[in-house]
1. Condition first: aliphatic (A, V, I, L, M) and either touching a residue at least 60 places away in the same chain (Cβ under 8 Å) or buried (at least 17 other Cβ atoms within 10 Å of the Cβ) (or both). Now tell me which residues in segment B:342-365 satisfy that.
2. Considering only segment A:141-168, state which residues are modelled with pLDDT under 90 and either over 29 Å from A:Gly228 (Cα atoms) or surrounded by 15 or more Cβ atoms within 10 Å (Cβ to Cβ) (or both).
3. Criterion first (surrounded by fewer than 18 Cβ atoms within 10 Å (Cβ to Cβ), more than 30 Å from B:Ile216 (Cα to Cα) and not basic (Lys, Arg)) does A:Phe231 satisfy it?
4. Report yes if B:His271 is exposed (fewer than 14 other Cβ atoms within 10 Å of the Cβ) and either at pLDDT 55 or above or over 23 Å from B:Ile205 (Cβ atoms) (or both), otherwise no.
5. Of all residues in segment B:122-150, which are farther than 17 Å from B:Ala15 by Cα and surrounded by fewer than 16 Cβ atoms within 10 Å (Cβ to Cβ)?
6. Find the residue count for segment A:187-210, including only residues that are among the charged types (D, E, K, R) and more than 21 Å from A:Pro148 (Cα to Cα).
7. Go through B:Leu325, B:Leu258, B:Leu331, B:Leu317 for me and flag whichever is in contact (Cβ under 8 Å) with a residue 40 or more places away in the chain and either buried (at least 16 other Cβ atoms within 10 Å of the Cβ) or within 12 Å of another protein chain (Cβ to nearest Cβ) (or both).
8. Return yes or no: is A:Asn101 over 21 Å from A:Ser22 (Cα atoms) and part of a loop (DSSP other than H, G, I, E, B)?
Amino acid sequence: MFLKNIKFAYKTRRAWFYTATSRTKARFARTTLGSFWLGLSNLLSIATLGLVYGTVFKVEDLKSYFIYLGVGLILWNSISSSISNSPYLFSHNSSNIRNMNLNALFYTLEEWAFQIQTFFQSFILVFFVLSFLDRSVLLNFIFASWIPLLNFVIFLYWFPLLICLICVRFTDLAQLVPILLQLVFLISPILYRKESLGNLSWITNFNFIFKILDPLRLSIINGYVFYGNAFFILLINIIGLLFSFWYLEQEGKKLPFLV
Amino acid sequence: MISVGSKQIQQLYIAYFGRPADPNGINYWLAKSKNGSNLKEIAIELSRQDEYTKFIIFNRDTDYQINQLYLNLFGRKVDFEGLKYWLSFLEKGNYNISDIICALISFDLENIVNKLNISSYDLKVLNNRIHAAQLFTEELSLSLIWVDLYRPESVEPWKEGKALLAGIEFLSQVNFQNRVTIENVKMSLSKISSMPIEVVHKPVIEMRNISLNIPIYHSDNKNFTSKITKGMFKRVTGGKLRNLNRSTIIEALSNLNLTVMNGERVALVGHNGSGKTSFLKLISGIYKPTQGSLKVDVNVYPMLQKSFLTSTELSGLEAAKAHYLLMKNCLDGYEVFIQDIINFSGLGNYISLPIKTYSEGMCARLIFSILTSIKHDCLAIDEGFGTGDAAFFERAEQRMQKFINSAGTLFLASHSEQLLRQFCTRGIVFSQGFIVFDGTLDAALNYYHTYDYSQLCF
């Protein structure tokens, strides 16, 4: 099953990557700046939130706070966007699912490619600006962040897919997704430092999304990689990937009747 | 009463027409026999067939007719004693050629052998010919394409045509020494069509006891569907509705058993909701069977798509490119492909504009052009497949014909008999999710018009 899916993904790579790129083009079809908006909108939020929360939390080192917030926010936005879009992935493609004999994996790969493309397009601009504040982030990203980045990229595929498959069957749960995402955002140390949680910092141990986001952020900002932890997360990611493939195989049979 | 067997019918065909029987013919006479016709009656009816009266013995004397019988059965002309015997036999009373045939092939052969100098050589030739004819008919019946091809060129006026002549030639070569093998039969069949036998005899779709249940997941119609399943409303269409514990299912297809050979052109006939589209979606892999075994050895391409792969914010060019990449996984030959689409669809410069600016007709033109521009091994086409406005329709018809002809195997669901007759040779009739008839197209259409659909109402 795993090999069959990988083979399909490889064989059709140009098609799903192209349709994903087309979606980005379609999204900004009527704008002058095009996909440049992806990075620009992130920069605007980072600047605004950085100033507001930097003041609220009485941050002394505003420069490092901006980098912390910037990297965290851009990673969170990608995760959040992937998860919040996922419940409606198949319903958006319902006509094709009901009338084409295309493996449902195609739509998931297209969505993943779209999210990855969006992430890198916004990340490049934000990263470019942040590297002016601290040049070491560029070196850290090149030399230290490969495994956390790999974990992040794999997570962006399987976790939204799992949510998507659950929500397509149990449609009420789709209504909960935005609320849960908001809650996870608020309890995750993104706007604030982990230490600020004080006695409640244990919450982060059960926050799996944060467990994906934090190592990558740490590797970019400080160049730290806890390899044991990174490989453990990689293992969890592979299990998650296998499980979501299996679940897709099971639910795929019912998809034309569910969407 | 002793019923007539296929071997005896085969003997009658050899005697009268000098060729192996076609499977439909055998089935027809077997059915007659079951309804009470005996060998003599069948022989009389065969002697009145146009093939015999207008082709074999047309305006010829009795000597010729008897000679022809001997040639067909024993591969030789009748001897003087034999001819004298049969002529006096006919003069005796109300006997005709069918009586001679019945006497020769039946049955009373021991007596005749003694009287007419029919040697063991003759009997050996006859047995070899019966064996050859049976082998020929069996091989033919493996594919409806061959069954359809093995028929006269014209019935009114009667013209034997190359297919039946190939059968006559095949049987005339069988003699005393010549015990026919399956290879001989295949070689003979290859004269009927240029299509290789191995290709036609390869099953591409095999289904055994296939059922397809469609679950209804909407909660807001539970009350209504439970009323329906309790039989409040009489219906003549759609699969059976069943109410399980907490859900409703439609039995869209039930207990399907089918084998389709490579290159077959299958028409799907039936009322709306009879299961044609579900069947197309099942064989093309959109639906998975709920139970049973389904083996599909060909990539079935469903022509059901009504939307593009890309957003309508994007242009027709991008939609076409996405489709091409999906089909070919690369852009080799894309220029030719897109040029063909631009020329055929007649969209011109509109192809570069966002699809959302197109009218419905323009969208239909573009989808049709995209889907018919790449060849496929097997097509599953639904009648609802739109082609745009009237001006485009004529050109679309020509392109569709070329496109369908380029496909190996075809499944076509339609209510247009003209369309079905144009492309199909085999017909499958659906009713309420069941296959109620499977055979040649003519027989299927005849069945469809005469079938009592209330029989299957649940």
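1. Result: B:Ile342, B:Leu347, B:Ile351, B:Ile355, B:Met362, B:Ala364.
2. Across segment A:141-168, the qualifying residues are A:Phe141, A:Ala144, A:Ser145, A:Val168.
3. Values: surrounded by fewer than 18 Cβ atoms within 10 Å (Cβ to Cβ): yes; more than 30 Å from B:Ile216 (Cα to Cα): yes; not basic (Lys, Arg): yes.
Against the criterion (surrounded by fewer than 18 Cβ atoms within 10 Å (Cβ to Cβ), more than 30 Å from B:Ile216 (Cα to Cα) and not basic (Lys, Arg)), A:Phe231 qualifies.
4. Working: exposed (fewer than 14 other Cβ atoms within 10 Å of the Cβ): no; either at pLDDT 55 or above or over 23 Å from B:Ile205 (Cβ atoms) (or both): yes.
No: the conditions fail for B:His271.
5. Passing the criteria: only B:Glu138.
6. Summing the residues that are among the charged types (D, E, K, R) and more than 21 Å from A:Pro148 (Cα to Cα) in segment A:187-210 gives 1.
7. Values: B:Leu325 fails: in contact (Cβ under 8 Å) with a residue 40 or more places away in the chain; B:Leu331 fails: in contact (Cβ under 8 Å) with a residue 40 or more places away in the chain; B:Leu317 fails: in contact (Cβ under 8 Å) with a residue 40 or more places away in the chain.
The unique qualifying residue is B:Leu258.
8. yes
The values are calculated or read from the model by the stated rules, or taken from the named source; none is laboratory data. All of these numbers come straight from a predicted model, not from anything done at the bench. Using ideal geometry, Cβ is built from the backbone for each residue, glycine included, and neighbour counts are taken over all protein chains shown.
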